[in-house]
Amino acid sequence: MTEYRLFPRTAFGAESAHSVSIAGVTLTERPDVALASVAARTGEAEIAGTMAELCGGPCGVGQYKEGAPFSTFWSGPDQWFVLADHAAHETLAAELQARLGDRASVTEQNDGWVVFDLTGNALTPMLERLCNIDLARFEAGQAQRCVIEHISSFVLCRDPGLSYRLMCGRSFARSFAHAVETIMASVAAQAAA
Amino acid sequence: MLIPHPILGLRDAQEFTYLGDASLLDRPDGMAEGASEAFHDYLYLRDNPAGEHRELWFHEQGDRSWLVVTRNTLTHEITKAELARDVALARRGVK
């Protein structure tokens, strides 16, 4: 039998997570987050109740709910993304499918999306350059899909102005990180001027 | 232009893509008598009103729902936006 020697690589083709810090703002890739998406099948809208049981409470329109072991955010009518620790829940999609049965379609997203954490002490000037979200009303526990540098993304708010979680298609990881890092440098330079 | 999304509120039109006349929801039965005639009309014949127009928009950079938007083609005033899913299900219920 062929002996395969396979090694996990991040979305950047590296062995460890991509991380860049500029003037107190840090963008860190999170390859340790497992992802799956859940969509209720036709007429199964009450799956929202099962999702609430799994994720420790209901997750309504535009909401992001952090919890253990599962965090979740609303991505569309009767649709959610679920996030979990990759080491403990590598087969997250299969786990969810077992719990939800044939009332929902569950799709593994580990290789579909890449998760970044953006932290710092004044992120609003950065995000307002990157996306069209109304940041004055974007509070902790909210999620919104938007376009960043022509790339479809999710922005999840953990602490307004201080901590956000960003997601984009995995193959866009380099371009996305480049765009965010360019703005990080630009905002830092303007603040210093 | 802002589109009043029925779930998410006012959203910039650049988040959406436009498909066309909302009559596209009324797809003819391909197995029925005179289907080719019906499909010809479905595919090629459109009203082009100067005024109120019902049209399909896709919220691509948002919740990815299809909307039926009622828009005045002269003023771009939007008078109504509904989830296309609700419109289609309501029509199916009527039939």
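The values are calculated or read from the model by the stated rules, or taken from the named source; none is laboratory data. Quantities reported herein were computed from a predicted structural model and do not represent experimental measurements. Every residue, glycine as well, gets a Cβ built from its backbone with ideal geometry; the counts of neighbours run over all protein chains shown. To get the accessible areas, we keep the full protein, side chains included, count just its heavy atoms, and leave off ligands, DNA and RNA. Shrake-Rupley method; radii C 1.70, N 1.55, O 1.52, S 1.80 Å.
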*Given (1) within 14 Å of chain A (Cβ to nearest Cβ); (2) open to solvent by 70 Å² or more (accessible area, probe 1.4 Å); (3) at pLDDT 95 or above, where does B:PHE58 come up short, assuming only one miss?*
(2)
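So that you can scan it fast, the table gives a plain yes or no per residue for (1) within 24 Å of A:VAL38 (Cβ to Cβ); (2) of a type in the set (Lys, Arg):
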{"residue": "A:ALA68", "(1), (2)": "yes, no"}
{"residue": "A:PRO77", "(1), (2)": "yes, no"}
{"residue": "A:ASP85", "(1), (2)": "yes, no"}
{"residue": "A:ALA88", "(1), (2)": "yes, no"}
{"residue": "A:TRP113", "(1), (2)": "yes, no"}
{"residue": "A:ARG129", "(1), (2)": "no, yes"}
{"residue": "A:ASP134", "(1), (2)": "no, no"}
{"residue": "A:GLN144", "(1), (2)": "yes, no"}
*Among residues belonging to region A:12-28 that are over 21 Å from A:PRO125 (Cα atoms) and touching a residue at least 24 places away in the same chain (Cβ under 8 Å), point out the one that is surrounded by the most Cβ atoms within 10 Å (Cβ to Cβ).*
A:HIS18
*Residue check: is A:PHE116 of a type outside the set (Gly, Ala, Ser) and within 12 Å of chain B (Cβ to nearest Cβ)?*
no
_Suppose we filter region A:61-92 for residues that are in contact with a Gly (Cβ under 9 Å, 6 or more places away or on another chain), within 14 Å of chain B (Cβ to nearest Cβ) and open to solvent by 20 Å² or more (accessible area, probe 1.4 Å); how many remain?_
2
*Given the residues B:LEU74, B:LEU8, B:LEU2, B:LEU43, which is the only one that is surrounded by fewer than 12 Cβ atoms within 10 Å (Cβ to Cβ) and within 22 Å of A:ILE148 (Cα to Cα)?*
B:LEU2
*asked:* Please determine whether any residue of region A:131-141 is touching a residue at least 60 places away in the same chain (Cβ under 8 Å), in a strand (DSSP E or B) and not polar (S, T, N, Q).
replied: no
*Give the residues of region B:81-95 that are open to solvent by 40 Å² or more (accessible area, probe 1.4 Å), under 19 Å from B:PRO6 (Cα atoms) and at pLDDT below 95, sorted by residue number.*
B:ARG85, B:ASP86, B:LEU89, B:ALA90, B:ARG91
*Mind checking which residues of region B:40-64 are under 14 Å from B:ALA13 (Cα atoms) and of a type outside the set (Lys, Arg)?*
B:GLU55, B:LEU56, B:TRP57, B:PHE58, B:HIS59, B:GLU60, B:GLN61, B:GLY62, B:ASP63
*Going through region A:173-193 one residue at a time, which ones are of a type outside the set (A, V, I, L, M) and either under 13 Å from A:HIS18 (Cβ atoms) or not in a helix (DSSP H, G or I) (or both)?*
A:ARG174, A:SER175, A:PHE176, A:HIS178, A:GLU181
*State whether one or more residues within region A:171-193 are within 14 Å of another protein chain (Cβ to nearest Cβ) and touching a helix residue (DSSP H, G or I) at 6+ places or on another chain (Cβ under 7 Å).*
no
*When residues of region A:115-135 are filtered for being at pLDDT 95 or above and either in contact with a His (Cβ under 9 Å, 6 or more places away or on another chain) or of a type in the set (Gly, Ala, Ser) (or both), how many remain?*
2
*Name the one entry in A:GLY101, A:GLY112, A:GLY43, A:GLY56 that is under 15 Å from the mean Cα position of the chain (by Cα), surrounded by fewer than 16 Cβ atoms within 10 Å (Cβ to Cβ) and of a type outside the set (Lys, Arg).*
A:GLY112
